[in-house]
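*Asks:* Sharing a structure with you now.
The values are calculated or read from the model by the stated rules, or taken from the named source; none is laboratory data. All of these numbers come straight from a predicted model, not from anything done at the bench. Here the Cβ is made from the backbone with ideal geometry for all residues, glycine too, and neighbour counts use every protein chain on show. Surface accessibility is based on the protein's heavy atoms, side chains included, excluding ligands, DNA and RNA. Shrake-Rupley method; radii C 1.70, N 1.55, O 1.52, S 1.80 Å.
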Amino acid sequence: MPDAAGETGRGEQDASGGLGTGRDDRTTDDDYRVVIGEECFDWRELTDPGSLRDVLAALAESLQPLADGRTTAFVDAAYDFECLPSTKLIDALYSPGGGLSHDDRILLQKLLDKCRVVQPAESDLPRPVRVADGPEREPSWGVAHALARAADGRAMSVLLAPYVLQPDWPSGWLTVMRLTEEGYDEVRAHVLRCPGDAPGFWRGLYAHERVPAERFFTLAQEAFPRLLFAESLRLHHFKGSYAEVLPWLVRLLGALDDHFARTLAECGGDQNQVIRRFAALDLEISPESPNTRRNAKAWEQRNVGHEGATYRCEWHGKRLWDRDRVHFSLPIPDRDDRVLVGIFTAHLGT
């Protein structure tokens, strides 16, 4: 995930000199974005073996999609964290008598082995923090490390498993007041409580770091996991500049990812109800008109090839009444009801 513009691949520069590029799915930035707070390893109050198993299962569920060798890290101080009474995490992980079952130990070992271990720096020294009107708390080294990186302008998320009670921060993007040697500063960071929170982080990254157009698609699959993206998509096909289109595009794709298939099912295919529900989100979407369907040439423009099959992108969202359209398909049954985003354009023929 990018900090700055990389290779543009098949991209093109638009007439205004903006970054109106095409597709380049190569990821050149392999730095981590998520830091595990040591609070996730605090199981000292769990005296019931069943409760401990449930907590470890929840942690494993959160780590499974993140432990890819690239995305997630934890500070080495976590190994010395007291996870069970008189037991450090390193002993719980690697000692048969450490208080965890064999299967739990092996699973957690495998997941953590796929995460990076980082050495905290002086800037990571835990200092009091608070969110909104909440109380001041001293964060763990991991939380402090994530906030320090976020203060440098990098989009960061802190993993606090669903059972973590302190800090009691909600999931999503938060503004954290952090005490420094110079006084308080504000840091914008993300809190990840469960796997379903992850897309919100990647969507927020587009604006947080002003991700350039040639890197747009490197984030798309993580930001919009229920969508498919045609290889033919090109951002420079919009009439508006990338900077103008991006906020609307991320909102639209996020709403399609979260709501479109489910809303169609809930509304029994009633298109007007679907349109109204998206209008409540301040988004304008609609199916193609009967006139367009009767126009064979225009109707053909909505056909999009993807991975050896052809799909009709018969719905579209529009940014303005006369420009900038995203055409997309109905949910595709043999693709787990995912929706294909097939066309970015200023306007297709009708």
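*Asks:* Look through the range 288-316, keep the residues that are under 21 Å from residue 261 (Cα atoms) and among the β-branched types (Val, Ile, Thr), and return whichever of them is farthest from the chain's Cα centre (by Cα).
*Replies:* 310
*Asks:* Another one. I'm trying to understand the selection: among the residues of the range 181-197, which are of a type in the set (A, V, I, L, M, F, W, C) and either assigned to a helix (DSSP H, G or I) or open to solvent by 20 Å² or more (accessible area, probe 1.4 Å) (or both)?
*Replies:* Residue satisfying the conditions is 194 alone.
*Asks:* Just to be sure I understand the filter: pairs with C-beta atoms under 7 Å, separated by 6 or more residues or on different chains, first member in the range 298-309 and among the polar types (S, T, N, Q), second member not in a loop (DSSP other than H, G, I, E, B). Which pairs pass?
*Replies:* Note: pairs meeting the criteria are 303/310; 303/312.
*Asks:* Out of all the residues in the range 100-122, is one or more without any contact (Cβ under 8 Å) to a residue 24 or more places away in the chain and hydrophobic (A, V, I, L, M, F, W, C)?
*Replies:* Yes, the range 100-122 has at least one match.
*Asks:* Further question on the same structure: Name the single residue that is modelled with the lowest pLDDT among those in the range 283-319 being surrounded by 14 or more Cβ atoms within 10 Å (Cβ to Cβ) and of a type in the set (A, V, I, L, M).
*Replies:* 298
*Asks:* Confirm whether residue 51 is part of a helix (DSSP H, G or I), among the hydroxyl-bearing types (Ser, Thr, Tyr) and closer than 18 Å to residue 189 by Cβ. Break it down into steps so the answer makes sense when it comes.
*Replies:* Numbers: part of a helix (DSSP H, G or I): yes; among the hydroxyl-bearing types (Ser, Thr, Tyr): yes; closer than 18 Å to residue 189 by Cβ: no.
Considered against the rule, which asks whether it is part of a helix (DSSP H, G or I), among the hydroxyl-bearing types (Ser, Thr, Tyr) and closer than 18 Å to residue 189 by Cβ, residue 51 comes out as no.
*Asks:* Those residues that are in contact (Cβ under 8 Å) with a residue 24 or more places away in the chain and either open to solvent by 40 Å² or more (accessible area, probe 1.4 Å) or basic (Lys, Arg) (or both), I need them from the range 154-176; list them, please.
*Replies:* Within the range 154-176, 154, 162, 163, 166, 168, 171, 173, 175 meet the criteria.
*Asks:* For residues that are touching a residue at least 12 places away in the same chain (Cβ under 8 Å), assigned to a helix (DSSP H, G or I) and of a type outside the set (A, V, I, L, M, F, W, C), tally how many sit in the range 276-292.
*Replies:* Qualifying residue count for the region: 3.
*Asks:* Given (1) closer than 26 Å to residue 119 by Cβ; (2) free of Cβ contacts under 8 Å to residues at least 12 places away in the same chain; (3) among the β-branched types (Val, Ile, Thr), identify the lone condition not met by residue 87.
*Replies:* (2)
*Asks:* Working carefully through the options 133, 76, 104, 42, find the one that is of a type outside the set (A, V, I, L, M, F, W, C) and touching a Lys or Arg at 6+ places or on another chain (Cβ under 8 Å). First the steps, then the outcome.
*Replies:* Working: 133 fails: touching a Lys or Arg at 6+ places or on another chain (Cβ under 8 Å); 76 fails: touching a Lys or Arg at 6+ places or on another chain (Cβ under 8 Å); 42 fails: touching a Lys or Arg at 6+ places or on another chain (Cβ under 8 Å).
It is 104.
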